[in-house]
Amino acid sequence: MESQHSKLSVIGAGSVGTAVAYASLINGSARNVAIYDLNTTKVEAEVLDLAHGSQFFSPSSVTGGSNLSVVEGSDVVVITAGARQKPGQTRLDLAEANTAIMRDLMPKLVKRAPDAVYVIVTNPCDVLTVAAQQVVDLPPNRILSSGTVLDTSRLRWKIAQLAGVSSSSVHAMIVGEHGDSEFAVWSTAKIGGVPITDWTDVDGNQPFTPGAREYLESETVHAAYKVIEGKGATNYAIGVSCDRIVRAILADSHEVLPVSGILNDYRGISGVAMSVPCVVDKNGIQRQLDFSMDDSELAKFHASAEELRASAASLGL
Ligand SMILES: NC(=O)c1ccc[n+]([C@@H]2O[C@H](COP(=O)([O-])OP(=O)(O)OC[C@H]3O[C@@H](n4cnc5c(N)ncnc54)[C@H](O)[C@@H]3O)[C@@H](O)[C@H]2O)c1
């Protein structure tokens with residue numbers, strides 16, 4: 001799977017960064033995995049803990065520290081560094097803090113790893129993709145965010161449970177903002193080639209009623225809140241989702257994934273980063289596919305773009 005000299009760097013050794021590194025080591029996605037964090041004690045301990053499992057990983061090395069030189073030679077850089085929401089802090093306060101981190105980090109990272117593809121996970125990931133693009137001189141295809149890859153996996157799992165099939169047999173997608181205005185593209189959702197609205201269970205019932213679809217979509221959109229309430233963060237599912245993006249880049253697999261990149265006259269939308277199905281290759285986003293949506297989905301798509309445009313404007317982007 002991995003190319004012989006491939007290098008993944010993960011910025012931020014918190015719950016998400018370490019889950020990305022762990023998934024990549026287990027899957028052998030990169031030959032070298034490096035982790036960088038401002039917190040020296042934490043990053044050194046995380047690197048040691050991961051390295052202690054080396055015997056059981058495919059041949060990969062893991063290094064890291066609090067000196068940015070650890071990212072040199074990276075093919076992919078995944079950014080998970082960021083402030084966490086503190087009690088009483090609004091979403092906007094958090095977005096402002098993480099925008100400042102991104103503006104500071106990106107030029108330093110690009111100086112050290114000029115040829116890498118940058119994958120932004122830190123939230124608000126769509127808006128931070130625009131912020132990152134503004135402070136460095138990289139082609140737009142090389143800066144993307146994990147967008148709704150995780151949300152799509154959450155939706156497919158819920159659909160698969162109701163249908164009694166494997167998640168890998170479900171073809172359905174969440175697009176738009178990675179956040180409250182995201183939505184499911186039901187009009188083209190299928191299970192094993194059967195349109196979801198025609199799906200019949202073994203007793204002859206059709207479980208995907210409008211009410212059921214609304215419920216599944218709402219559960220997906222609000223999934224993170226439930227996890228955060230129970231354990232303080234989401235990390236395992238984003239870890240494997242992000243590793244899938246890393247593998248698509250390093251293996252140049254041309255996999256279609258709903259990552260978020262800046263749109264340029266896409267259905268009349270420009271200057272906003274949001275998720276649409278994209279062909280992912282060694283250079284990041286090879287192209288954003290023009291997928292079909294019905295009228296109500298198209299209206300949601302534009303509404304999501306407007307939400308993102310408003311949040312970017314509130315951050316002065
Ligand atoms: N896009 C998604 O699907 C998705 C999913 C889950 C979490 N997230 C986001 O990922 C981010 C990280 O979450 P977490 O739970 O790992 O947080 P965390 O607090 O556990 O870890 C963040 C780490 O970033 C480090 N850090 C902060 N500023 C830094 C800087 N300037 N340089 C280097 N390191 C720095 C901190 O020391 C800390 O170790 C959050 O913004 C969260 O909202 C995104």
A correct Stokes-Einstein calculation for the chain, using the alpha-carbon Kirkwood radius, 25 °C and 0.890 mPa s, returns a whole-number D in µm² s⁻¹ of 123
I want to verify the translational diffusion coefficient of the stretch 7-145 in µm²/s; compute it with Stokes-Einstein, Rh as the Kirkwood radius over Cα pairs, at 4 °C and 1.567 mPa s. 86
Taking 0.36 nm per intervening residue step and subtracting the Cα-Cα distance, what contour gain separates Ala51 from Asp180 on full extension? 42.7 nm
Normalised by the residues of the stretch 7-145, what does the relative contact order come to in percent, with Cα pairs under 8 Å and at least six apart? 23
Of every hundred units of 1.4 Å-probe accessible area on the stretch 45-170, the number belonging to carbon and sulfur atoms, as a percent, is 53
I want the antiparallel fraction of DSSP beta bridges within the chain, as a percent rounded to 5. 50
Sorted from largest to smallest, which semi-axis lengths in Å does the alpha carbon gyration tensor of the stretch 1-77 give for its equivalent ellipsoid, taking the root of 5 times each eigenvalue? 18, 14, 10
Which lysines does Lys282 reach when only Cα atoms under 21 Å apart count, and residues fewer than 8 places away in its own chain are ignored? Lys7, Lys111
Per residue, what accessible area does the stretch 176-317 have, given a 1.4 Å probe and all protein chains present, in Å²? 48
Angle check, please: helix 210-221 long axis (alpha carbons) against the longest principal axis of the chain (alpha carbons), in degrees 0 to 90, nearest 10. 10
Give me the angle, in degrees from 0 to 90, between the Cα long axis of helix 149-163 and the longest principal axis of the Cα atoms of the chain, rounded to the nearest 10. 40
³J(HN,Hα) computed for each position of the stretch 199-207 - Karplus, 6.51 cos²θ - 1.76 cosθ + 1.60, integer Hz, glycine/proline x: 4, 10, 7, 4, 8, x, 8, 10, x
Where the stretch 7-145 is the region considered: accessible area per residue in Å², 1.4 Å probe: 42
Tell me, what % of the accessible area of the stretch 231-308 is carbon and sulfur with a 1.4 angstrom probe? 48
Measuring from centroid to centroid over Cα atoms, what is the spacing of the stretch 46-106 and the stretch 244-277 in Å? 22
Counting only residues 5 or more places away or on other chains, whose amide H sits under 5 Å from the amide H of Leu263 once H atoms are built in the peptide plane? Gly271, Val272, Ala273, Met274
Whose amide H sits under 5 Å from the amide H of Glu255, counting only residues 5 or more places off or on another chain, with H placed in the peptide plane? Val280
Of all trypsin sites (Lys or Arg not before Pro) in the stretch 1-105, the ones in DSSP coil with at most 15 other Cβ atoms within 10 Å are Arg84
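The values are calculated or read from the model by the stated rules, or taken from the named source; none is laboratory data. Please read these numbers as outputs of a predicted model, since none were measured by experiment. Here Cβ is always computed from backbone atoms with ideal geometry, including for glycine, and neighbour counts include all displayed protein chains. Calculation scope for accessible area: heavy atoms of the full protein, side chains included, ligands and nucleic acids excluded. Shrake-Rupley method; radii C 1.70, N 1.55, O 1.52, S 1.80 Å.
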